[in-house]
1. Which value in Å is the Kirkwood Rh of the range 5-143 over different Cα pairs?
2. Mind checking the full-extension length gain between residue 225 and residue 305? Use 0.36 nm per residue of separation minus the Cα-Cα distance, one decimal, nm.
3. Cα axis of helix 146-161 to longest principal axis of the chain: angle in degrees, 0 to 90, nearest 10?
4. Looking at the range 79-220, I'd like the Rg to Rh ratio, where Rg is from alpha-carbon atoms and Rh is Kirkwood's inverse mean 1/r.
5. Which angle from 0 to 90°, rounded to the nearest 10, does the C-alpha axis of helix 287-313 make with the longest principal axis of the chain?
6. How high is the relative contact order of the range 52-188? Use alpha-carbon pairs under 8 Å, at least six apart in sequence, and give a whole percent.
7. For every other residue with a beta carbon closer than 12 angstrom to the beta carbon of residue 70, add +1 if it is Lys or Arg and -1 if Asp or Glu, then tell me the sum.
8. From the gyration tensor of the Cα coordinates in the chain, what semi-axes in whole Å does the equivalent ellipsoid have, largest first, with each one equal to sqrt(5λ)?
Amino acid sequence: MGRNKVTVIGAGNVGATTAQRLAEAGLADVVLVDIVDGLPQGKGLDLAEAAPVVRHDGAVRGTNDYAETAGSDIVVVTSGLARQPGMSRDDLLAKNAGIVRSVVEQAAAHSPDAILIIVTNPLDAMCHVAMQASGFPRERVIGMAGVLDSARFRTFIAEELGVSVVDTSAFVLGGHGDTMVPLPRYSTVAGIPITDLLPADRIQALVERTANGGAEIVALLKSGSAYYAPAASTFEMVDAILRDRKRVLPCAAYLQGEYGVDGLFVGVPVVLGERGMERVLEITLRDDERAAFERSAGAVRELVAKLDELAAVS
Ligand code: APR
């Protein structure tokens with residue numbers, strides 16, 4: 001059996017950090033791809049030169065050529081633009097849709113059996129683009145959002161209660177955006193629901209901070225957005241798949257009737273294993289939770305409709 005091969009498209013902050021984590025864990029040989037000449041080659045070489053010191057023997061290589069990505073087990077898509085001053089949300093949507101479509105077409109052509117993990121924002125809409133561009137079945141197109149959102153929620157729960165993050169677990173549903181739906185009754189400290197440990201107003205404050213978690217980092221950094229936690233979250237998904245761990249993680253998955261939603265990527269708990277998104281775990285939602293979930297799914301549906309409109313006029 002040969003080594004696993006993972007391609008990471010986009011050698012920016014999220015992509016390069018993901019490549020570093022994958023290589024250092026010895027999980028796979030990594031091919032880093034970017035459209036900018038020299039950038040993936042430089043970062044790839046720099047990462048390769050860290051290997052003797054870190055003591056891993058995974059290969060890391062940077063390239064602008066998709067031929068070198070051939071036969072990848074997993075392709076992680078982080079390429080895209082950050083929102084620039086003067087750029088509307090629609091401009092960003094159209095630009096990143098174009099980038100994701102183009103990179104996925106090229107990557108899928110060279111790795112027809114790969115599993116795609118999409119990271120580029122707006123996440124749920126970009127998953128749709130990737131599924132269309134690849135023609136892959138839903139098991140092999142998965143969006144990274146829920147792992148990050150629940151990691152943020154866990155960080156805040158642990159900080160609030162003065163307990164280890166390791167003993168926390170958090171449940172987040174819905175789209176990756178300000179309509180996401182953290183579920184406090186399924187968010188626990190060592191199995192104890194946080195609703196038994198914290199008053200409602202404190203929980204609400206943590207939920208709101210979680211929903212604004214990305215914006216909080218952007219406001220601090222001033223240029224650029226979060227990448228350590230996004231890369232760690234992406235790594236966890238790759239690890240679950242390559243090692244067939246059957247991890248239960250919240251991911252953006254293409255729903256076909258689950259949770260009353262059909263034909264839309266929305267964040268739900270799924271089982272990740274060697275076949276990719278192997279199963280959607282369904283829970284019964286309370287009325288208020290269902291309403292919040294439907295609102296969130298509605299926001300994703302609007303974005304996808306906007307994407308179709310933009311595609312029609314371009
Ligand atoms: N093909 C390949 N790479 C591309 C392309 C393309 N067509 N277009 C842009 N890129 C590359 C850029 O050259 C850049 O190196 O994508 C990289 C993006 O890196 P950053 O700007 O550092 O952005 P990053 O912080 O990594 O975020 C990437 O992940 O979390 C999401 O919202 C975030 O959508 C954003 C994405």
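Quick note: the coordinates plus some simple rules give every number you see, no bench work behind them. These numbers were taken from a predicted model, which means no experiment stands behind them. Positions of Cβ are backbone-derived with ideal geometry, glycine not excepted, and every protein chain shown enters the neighbour counts.
1. Details: mean 1/r = 0.0669 Å⁻¹.
Its Kirkwood hydrodynamic radius stands at 14.9 Å.
2. Gain on extension, residue 225 to residue 305, equals 26.2 nm.
3. Value to nearest ten degrees: 50.
4. Result for the range 79-220 is an Rg/Rh of 1.06.
5. Helix 287-313 sits at roughly 40 degrees to that axis.
6. 19 percent
7. On the way: positive: 5; negative: 65, 68, 73, 113.
Spelling it out: positives minus negatives among the neighbours equals -3.
8. The three semi-axes for the chain are 30, 23, 19 Å.
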